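Peer 1: Sharing a structure below in C-alpha cells format, with a few things to ask.
The values are calculated or read from the model by the stated rules, or taken from the named source; none is laboratory data. These numbers were taken from a predicted model, which means no experiment stands behind them. We place every Cβ from the backbone using ideal geometry, glycine too, and count neighbours over all the protein chains shown.
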Amino acid sequence: MASAASKNPLLGYAALFAAIALLPALGVYPIFVMKVLCFALFACAFNLLIGFTGLLSFGHAAFLGTAAYVTGHALKVWGLPAPLGLVVGMLAAGGVGLLFGLLAIRRAGIYFSMITLALSQMLFFVFLQAPFTGGEDGLQSVPRGSFLGLDLGNDLVLYYVVLAIFIGAFWLIYRTVHSPFGQVLTSIRENEPRAISLGYDVDRFKLLAFVLSAALAGLAGATKTLVLGFATLTDALWTTSGLVILMTLVGGMGTLVGPMVGALIIIALENKIGDLGKALAETTGIAWFNGLGESVSLVTGLIFIVCVLAFRRGVVGEAIALWDRFTARKQA
C-alpha cells in the first residue's frame, strides 16, 4: 500500500481525503476539523510562495483578513449566496495580492519580506478604522446561507462542502507545482540568475505566484468566515502571518502535505493545550501545568525552536527523508 502510494502520490492523497471524510462518523467534532482545513489551505497557499518560489512573505494575513471581511460583508449585508460570497472574497484577496506584489516583487530577501509586512500592517489599520469591519468588535453573526441548494446551517453538510473546497484548492496547487509554470518557479527558487539567463521574465512569474498564493489564502479566509460566522482583526494581524509561517515550517516547507500537518499540530495545540495542561497537573501534581492554556505562544515558540534545531525539514520532510534512507538501505 505504501509502495503504491509512493509511486502514485494521487492514491495517497485520495486515501487521506477519504479518511478526513470519515472523521465525523468517528465522532470527531466537525467545526474543529473545518477550522483545521481552513488554516491548512492558508498554509498550503503560503507554502506555494515560500516552498516552491522562495519568497518569504511576512504579510500573508492581509489576504486572509481581506477575504474574511469581504465575504462576511457580502453574505451579511449584501445578502449574496454563499458560493458568490466566497468568490467575491477570493477575488478581493487576489486584487490586494496584485497590488502588494507590484510594490514588493522588485525587491528580494529580507527587503521583500519587510515590504509585505509593512503593507499588511497598513491594511490592518484600514480594517481597524473602516466602518464595514466593525472595528475591534469585528463582523459578527455572518449567515451561512445555502450552497447549491444545500443548507449550510447543518454542520455536517457544511463539513463536506468545506472538504470539497479544500480538495479543489489542493488539486489546483498540485497541478500548479507539477506544471511547466511550477517548474519555472522551482528553478527561480533554486537559481534565479540562471532562470534569467534562460530568458524567463522572473518578475512576472513571481508576481503570478504571489497573486495565486494570495487568492488561495483569501479562499481560506472566506471559508473560515463561513464556518465560524465571524471575521475579526486577528485575521489580519501580523501574528497570524507568523502563525502560518510556523505551520509551514513545522509541517515541512516545500512539501504538499506538510502544511496540512503543521496546521493540524498548531490548531490542535491552541484548542486542546488547556485540557492537556489540566491532565498533566492532575497526573504529576504540578499546579503550573494548569496555566498551559494561557501559554499557547510559549508552547508554539518552543516547538518552533525544536523544529529549527532538530527537524529543519519539518515533520513531513523528516519522514520523507527517513523513508528514502530506509528504501535505499533496503535496495542495497
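Peer 1: Restricting attention to the range 104-113, does a residue exist that is over 26 Å from G252 (Cβ atoms) and either assigned to a helix (DSSP H, G or I) or touching a strand residue (DSSP E or B) at 6+ places or on another chain (Cβ under 7 Å) (or both)?
Peer 2: Yes, there is a match, as at least one residue in the range 104-113 is over 26 Å from G252 (Cβ atoms) and either assigned to a helix (DSSP H, G or I) or touching a strand residue (DSSP E or B) at 6+ places or on another chain (Cβ under 7 Å) (or both).
Peer 1: Related question: If you scan the range 131-151, which residues turn out to be crowded, with 18+ Cβ neighbours inside 10 Å and on the phi < 0 side of the Ramachandran plot?
Peer 2: Of everything in the range 131-151, those that are crowded, with 18+ Cβ neighbours inside 10 Å and on the phi < 0 side of the Ramachandran plot turn out to be T133, L139, V142, R144, F147.
Peer 1: Separate question: From the list A231, A220, which residue is modelled with pLDDT under 95, touching a Leu at 6+ places or on another chain (Cβ under 8 Å) and hydrophobic (A, V, I, L, M, F, W, C)?
Peer 2: Step by step, each of A231, A220 is checked, and only A231 is modelled with pLDDT under 95, touching a Leu at 6+ places or on another chain (Cβ under 8 Å) and hydrophobic (A, V, I, L, M, F, W, C).
Peer 1: Let me ask something else about it. Among the residues of the range 109-117, is any surrounded by 14 or more Cβ atoms within 10 Å (Cβ to Cβ), in contact with a Lys or Arg (Cβ under 7 Å, 6 or more places away or on another chain) and within 25 Å of P30 (Cα to Cα)? Give the steps one after another, and end with the answer.
Peer 2: Filtering the range 109-117 down to residues surrounded by 14 or more Cβ atoms within 10 Å (Cβ to Cβ) leaves 112-117.
This time we only want the ones that are in contact with a Lys or Arg (Cβ under 7 Å, 6 or more places away or on another chain), so: 115.
Now narrow it down to the ones that are within 25 Å of P30 (Cα to Cα): none.
Looking for residues that are surrounded by 14 or more Cβ atoms within 10 Å (Cβ to Cβ), in contact with a Lys or Arg (Cβ under 7 Å, 6 or more places away or on another chain) and within 25 Å of P30 (Cα to Cα), one finds none in the range 109-117, hence no.
Peer 1: Which of the helices (runs of 4 or more DSSP H) found entirely inside the range 1-78 contain at least 2 residues meeting this: crowded, with 18+ Cβ neighbours inside 10 Å and of a type in the set (A, V, I, L, M)?
Peer 2: Answer list for the range 1-78: 30-50, 61-76.
Peer 1: Grab the helices (runs of 4 or more DSSP H) fully contained in the range 129-212, keeping just those with 1 or more residues being touching a residue at least 40 places away in the same chain (Cβ under 8 Å) and of a type in the set (S, T, N, Q).
Peer 2: By residue number, 155-177, 180-190.
Peer 1: I've got another one for you. Being at pLDDT below 90 and under 23 Å from the mean Cα position of the chain (by Cα) is the requirement here; does G138 meet it?
Peer 2: When the stated conditions are applied, G138 passes them.
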